[in-house]
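Structure first, then comments.
The values are calculated or read from the model by the stated rules, or taken from the named source; none is laboratory data. As the structure is a computational prediction, the values presented were derived from the model and not from experiment. As a convention, Cβ positions derive from the backbone with ideal geometry for all residues, glycine included, and neighbour counts pool all protein chains shown. Heavy atoms of the whole protein, side chains included, go into the accessibility calculation; ligands, DNA and RNA do not. Shrake-Rupley method; radii C 1.70, N 1.55, O 1.52, S 1.80 Å.
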Amino acid sequence: MSESRPFHLAVELGGAGRHPAAWRLPDADAAGLLTAAHWAELVRRSERAGAAFVVLADSVAPPSAAADTVQARLDATGVAALLGPLTSRIGIVPVVPVTYAEPFHVAKAVATVDLVSQGRAGWQVDVAAPAGTGAGDVQAAQFHGRSAVGSAAQWREAADVIEVVRRLWDSWEDDAIVLDAATDRYIDRDRVHDVAFTGTTFSVAGASITPRSPQGQPLVVVRGDVPYALGVAVAGADVIRIAARDVKEASALAARVRAAVAGSGRPARSVKVLLDVETLLGRDEAAARERLAELDRLAGRPYEPSGVHVVAGAERAADALADVVDLTGVDGLVLQPLAHAGDLAVLAEEVSPRLREQGRLADLPAKAGPEAPRTLRDAFGLDRPLSRYTLAR
């Protein structure tokens, strides 16, 4: 068991929660799922709970044939840009699938979120369904009739996209904007650099049109538990997400990820490992069990957890989450609520206060002082990198 220490919390938001019947609960606000007010309230609750960031789920998958689950989605980067000015401390990390996306557009969108949030943006890299699956062929056909490719090729391309996006984020040096009215200069053009990249599937030449953002390089999140993704995560991620069937498997996977990071030559502190944990929380044990039973009744079938999960009252949930961190050695947890409305309220009002009292929550202070973390990179103890072009010059 690892030494007890403060750990990070993050929250993944999608639909009304991971349980297929979550939208049917009376407090789910199903009619408001596509409104700004709904998402602002969820993220503010996550912020009050001390979450370092929220992940806004997204994909390129079209609606499925299922009629009883939430199918409608908003664009994650659009929602992230909206939430930036409506929050003050929490990081905002949209999922952006890159298989059919232009790196230029990805770089510009995420940098925009970083600017409007004053340094709290991240980007979770994702890929489409691979070739050889019905979903992969359908998704590819949505984009100019392109053909799906296998997972290995998708993640090789994802590695190129990450590299190009990082170059574009660097393409404006920090002092490129001069605003010198006397000489009629808005920018110092010598400090805006064309990106020159040629890969196996695309090439990019030119600079971003979005200036360098507060973090310089917004936080990059990559999964390390899917085929072909770990090498990409080790090379290009600041945060690596993992999921596992149980704590024992999670501990082994976290150790494998850390060994891969060490083998790459990157400093251990430059990469954080977060474990996914499904949650269903109640004020007490009975309330948690009753809520899960109600969800299962509405769905007409019992929910099958996909991995490590905590169904508990607030006191036991706090201890259980801390135990998962201690037993696996991860740097933090990405909570995946089965039902957003109930879980986030209990998390903010009951669970996180207990973790704070125990000194276990790596929390941001309610009022940022001169030494308080100000950006998402600060919250994780990650340095703000200089532009590669500044370093070269």
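With +1 assigned to the C-beta of every Lys and Arg and -1 to the C-beta of every Asp and Glu, and no other charges, what is the dipole magnitude of the stretch 219-274 about the Cα centre in debye, to the nearest 20?
Details: 9 positive and 4 negative charges, 23 e Å.
Rounded to the nearest 20 debye, it is 100 debye.
Taking the Cα centre of the stretch 202-335 as the origin and placing charges on Cβ (Lys, Arg +1; Asp, Glu -1), which of G282, V330, Y228 is farthest toward the positive end of the dipole?
About the Cα centre, the residue reaching furthest to the positive side is Y228.
Determine ³J(HN,Hα), in whole Hz, for all residues of the stretch 173-184 in sequence, where each value follows from phi through the Karplus function 6.51 cos²θ - 1.76 cosθ + 1.60 and θ = phi - 60°; x replaces Gly and Pro.
5, 4, 9, 5, 8, 10, 6, 9, 5, 5, 9, 6
Can you list the HN-Hα couplings for the stretch 287-304, worked out from phi with the Karplus curve (6.51, -1.76, 1.60; θ = phi - 60°), rounded to whole Hz and with x for Gly and Pro?
My calculation for the stretch 287-304 gives 5, 5, 5, 5, 5, 5, 4, 5, 4, 5, 5, 5, 7, x, 6, x, 6, 9 Hz in order.
For the stretch 149-252, what proportion of DSSP beta bridges, expressed in % and rounded to the nearest 5, is antiparallel?
On the way: 7 of 10 bridges.
Beta bridges within the stretch 149-252, antiparallel portion: roughly 70 percent.
For n ≥ 4 DSSP H runs only, could you compute -39500 (n - 2.57) per run for the chain, divide by its residues and tell me the 222 nm figure to the nearest 500? Numbers along the way, then the final one.
Working: 13 runs with 140 residues, N = 393.
After summing the helix terms and dividing by the residues of the chain, the value is -10500 deg cm²/dmol.
What is the helix-to-structure angle for 151-170, meaning the angle in degrees between its Cα long axis and the longest Cα principal axis of the chain, kept from 0 to 90 and rounded to the nearest 10?
The angle comes out near 60 degrees.
What three numbers, in Å, describe the spread of the alpha carbons of the chain along their principal axes, ordered from the longest?
Dimensions of the chain along the principal axes of its Cα atoms: 69, 53, 44 Å.
What residues have an amide H closer than 5 Å to that of V311, excluding those fewer than 5 places away on the same chain, when H is modeled at 1.01 Å from N in the peptide plane?
L280
Which sequence of K248, K108 reflects their accessible areas, 1.4 Å probe, from the largest down?
Working: K248 170, K108 65 Å².
In descending accessible area the options line up as K248, K108.
How long are the three semi-axes of the equivalent ellipsoid for the stretch 253-320, computed from the Cα gyration tensor as the root of 5 times each eigenvalue, in whole Å, largest first? Before the final figure, lay out the partial values.
On the way: eigenvalues 253, 43, 10 Å².
Over the Cα atoms of the stretch 253-320, the ellipsoid semi-axes are 36, 15, 7 Å.
With θ taken as phi - 60° and the coefficients 6.51, -1.76 and 1.60, list the Karplus ³J(HN,Hα) couplings across the stretch 60-72 in order, rounded to whole Hz; mark glycine and proline as x.
Result, rounded to whole Hz: 9, 6, x, x, 7, 6, 5, 9, 10, 10, 5, 10, 6.
Using a Förster distance of 30 angstrom, determine the FRET efficiency expected from the C-beta separation of A286 and D68, and round it to 0.05.
Working: r = 27 Å, r/R0 = 0.91.
Efficiency at R0 = 30 Å is approximately 0.65.
In terms of modelled amide H atoms, which long-range or inter-chain residues lie less than 5 Å from the amide H of H193?
W172, E173
Report for the chain the percent antiparallel among DSSP-assigned beta bridges with both residues inside it, nearest 5.
Numbers: 7 of 46 bridges.
Percent antiparallel among DSSP bridges in the chain is about 15.
Out of G224, G150, G265, any idea which swings most in a Gaussian network model of the chain, alpha carbons joined below 10 Å?
Between G224, G150, G265, it is G265 that shows the largest mean-square fluctuation.
For a quick check of understanding: with a 1.4 angstrom probe and all protein chains in place, what accessible area in square angstrom does L86 have, to the nearest ten?
70
Who wins for biggest fluctuation among A299, A109, A250 in a Gaussian network model of the chain, springs between alpha carbons below 10 Å?
A299
Around V330, which amide H atoms from residues at least 5 apart in sequence, or from another chain, sit under 5 Å from its own amide H, with H modelled in the peptide plane?
none
Would you kindly state the longest site-free stretch of the chain, with sites defined as GluC sites (Glu not before Pro) in a DSSP loop (not H, G, I, E, B) surrounded by at most 10 other Cβ atoms within 10 Å?
4-370
Looking at L34, V70, S46, which one has the Cα that reaches farthest to the positive end of the dipole of the stretch 1-79 (charges on Cβ: Lys, Arg +1; Asp, Glu -1)?
Positive-end residue among those listed: S46.
For the stretch 225-239 and the stretch 50-111, what is the centre-to-centre distance using only Cα atoms, to the nearest Å?
What the calculation gives is 20 Å, centre to centre.
Over the stretch 1-116, consider all pairs of different Cα atoms and compute the Kirkwood hydrodynamic radius from their mean reciprocal separation; express it in Å, one decimal.
On the way: mean 1/r = 0.0642 Å⁻¹.
After inverting the pairwise mean of 1/r, the radius is 15.6 Å.
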